[in-house]
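Notes follow once the structure below has been shown.
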There are 2 protein chains.
Amino acid sequence: MDSSSTRRQATRQKLFEAAVTLIAEQGFSSTTVDEIAERAGVAKGTVYYNFASKTVLFEELLQHGIELLTASLQTAADENAERGGSHVDALDAMVRAGLDFISRYPSLTQLYVAELWRTNRAWQSTLMMVRQRAIAVIEAELRAGVAAHELSEDIDIPLTASALFGMVLVAALDWQSYQPERSLEDVHAALSRLLQGRVGGTVASG
Amino acid sequence: MDSSSTRRQATRQKLFEAAVTLIAEQGFSSTTVDEIAERAGVAKGTVYYNFASKTVLFEELLQHGIELLTASLQTAADENAERGGSHVDALDAMVRAGLDFISRYPSLTQLYVAELWRTNRAWQSTLMMVRQRAIAVIEAELRAGVAAHELSEDIDIPLTASALFGMVLVAALDWQSYQPERSLEDVHAALSRLLQGRVGGTVASG
DNA sequence: AGTTTTGAACTGACTGGTCAGTGCAAAACC
DNA sequence: GGTTTTGCACTGACCAGTCAGTTCAAAACT
């Protein structure tokens, strides 16, 4: 039982890996099940033995992605707490965790972005969950920061959270696509500066 | 040709409008030519009389989008120059122009985002052009701001530019999708605050 | 021990439907 | 009178999903 489900598990993993790259590159509809099967080194029938349909395969792939992201953010939060860091530090740590995640799973990220604002899709609710989880963590940290007087009371929590989310997302994707030679540290430093108001902030000497 | 093309122009416009919404909702491959024709209130043959293929229709649609965005940003830049605003003001004006654009053409934006980081697509170069134009304007303003000592010398121009771009993009799309009741002013104010370092920076007097 | 049975996992040829693109004569337009 | 649009039938490629058949390791049996 256990040994045979291990085999199945391995097959599903191969299919996920094949699907994520192909769909990130070509989109859901232009990726064929035959392609996925071929890339995974498996017969087409196996895809349908393991997943009810192409759509279900994709939905489960997205779900699987949530686990990874959640784990990633959770780890970052825990580690910052252990260090006894401030709330701004926590935001910074989350930026870094986000960058880490995106550089580890670029295809997955790319695929989320491509689908995230589409309407009328079967998997829309799944996607909203992902976004909601990420945004909620940021919002919580912003709220805590305001409560601790580390951050201005005037900020609009939800809008700021989604702006920060977007900042990391787009900067990271651009980094991967157009300046892959830059180090993660460079990108992180640039975003940190922006986050901490050292770009358009109080530098001006009048 | 040009003189007698009024009717044709109108048909093409209708097709663009039909295509942009459908493709934003469903993606390129799952949108059929029949659907586009029907939504535009036009016969299928007309689509092929006006465009060589479905792909060409889409590419020309993207090109058309560039014109709109460029005009939008240009206007914002010109108006800020007329007012004699600072470079930070210019960035702020561009944020606003970006938000205006996105709220005027949400489908177009959505569609760009969905395709922007995909690799191996026929229209990738077209998309890179759009991105490049938008980013270049931001970068130029950042550089000018640094030169005028309005902005810190330490900032990483390309990374900061793409982070700002992403900030506006994602905040605007989230606004449209999840909080459409908010006013453009709210969104603009939140982004301004972030841009001017009044979120995580030293808390300035309001 | 060796032999047989079982069943989960996998295979790949096949089917039925969908859709981009064609062809063209007639109508509508300007 | 040239340009543009219409309507519709048609083709051929492509593709999601099916299903009868194969594989093989472990269990059951002798």
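Descriptive notes on the structure:
- Across the identical copies, the 7 Å label point of B:TYR49, projected outward along Cα→Cβ, sits 5.4 nm from its counterparts, in ascending order.
- Amide H partners (placed H, <5 Å) of B:GLN179, local residues excluded: none
- Here the Gaussian network model covers chain B, with springs between Cα atoms less than 10 Å apart; of B:ALA52, B:ALA189, B:ALA76, B:ALA52 fluctuates the most.
- Mean Cα-pair separation over length for the range A:59-195, i.e. relative contact order, pairs under 8 Å, 6 or more apart, %: 31 percent
- Summary for B:ALA144: label point 7 Å along Cα→Cβ; distances to the equivalent points in the other copies, ascending, 4.2 nm.
- For the protein assembly as shown, diffusion coefficient by Stokes-Einstein and Kirkwood Rh (Cα), 4 °C, 1.567 mPa s, µm²/s: 57 µm²/s
- Sorted from shortest to longest, the distances between the A:PRO180 label points of this copy and the other copies are 3.9 nm, with each point 7 Å from Cα along the line through the beta carbon.
- Considering only the Cα atoms of the range B:118-187, their convex hull presents on average a projected area of 6.4 nm².
- Shape summary: the range A:1-51 maps onto an equivalent ellipsoid whose semi-axes, from the alpha-carbon gyration tensor, are 22, 10, 8 Å in decreasing order.
- Inter-probe distance in nm under a simple model that places probes 7 Å from Cα toward Cβ, at B:LEU68 and B:GLN13: 1.2 nm
- Global form of the range A:89-151, assessed from the alpha-carbon gyration tensor, a/c cut-off 1.5: oblate
- Site-free segments of chain A were taken between GluC sites (Glu not before Pro) in DSSP loops having at most 12 other Cβ atoms within 10 Å, sites themselves excluded; the longest one is A:1-152.
- Placing unit charges on each Cβ (+1 for Lys and Arg, -1 for Asp and Glu) gives chain B a dipole about its Cα centre, and among B:LEU116, B:LEU69, B:ALA10 the Cα reaching farthest toward its positive end belongs to B:ALA10.
- Here the range A:12-169 was treated as a single set of alpha-carbon atoms; its pair distances binned every 5 Å from 0 give 1, 9, 17, 19, 16, 13, 10, 7, 5, 3, 1, 0 percent.
- Listed residue (A:ILE23, A:PHE51, A:ALA40) projecting farthest to the positive dipole end of the range A:1-51, Cβ model: A:PHE51
- Cβ charges +1 (Lys, Arg) and -1 (Asp, Glu), total dipole of the protein assembly as shown, debye: 1360 debye
- Counting only DSSP H runs of at least 4 residues, each contributing -39500 (n - 2.57), and dividing by the residue count of the protein assembly as shown, the helix-based mean residue ellipticity at 222 nm comes to -25500 deg cm²/dmol.
- Fluctuation leader among A:VAL95, A:VAL187, A:VAL42 - chain A, Gaussian network, Cα springs under 10 angstrom: A:VAL42
- For the residues A:SER107, A:SER183, A:SER192, a GNM of chain A with alpha-carbon springs under 10 Å puts the largest fluctuation on A:SER183.
Laboratory data are not the source of any read-out in this text; all were calculated from the coordinates shown. Treat the numbers as computed from the prediction; the structure is a model and nothing was measured. So basically every Cβ, Gly included, is an ideal-geometry build from the backbone, and we count neighbours across all protein chains shown.
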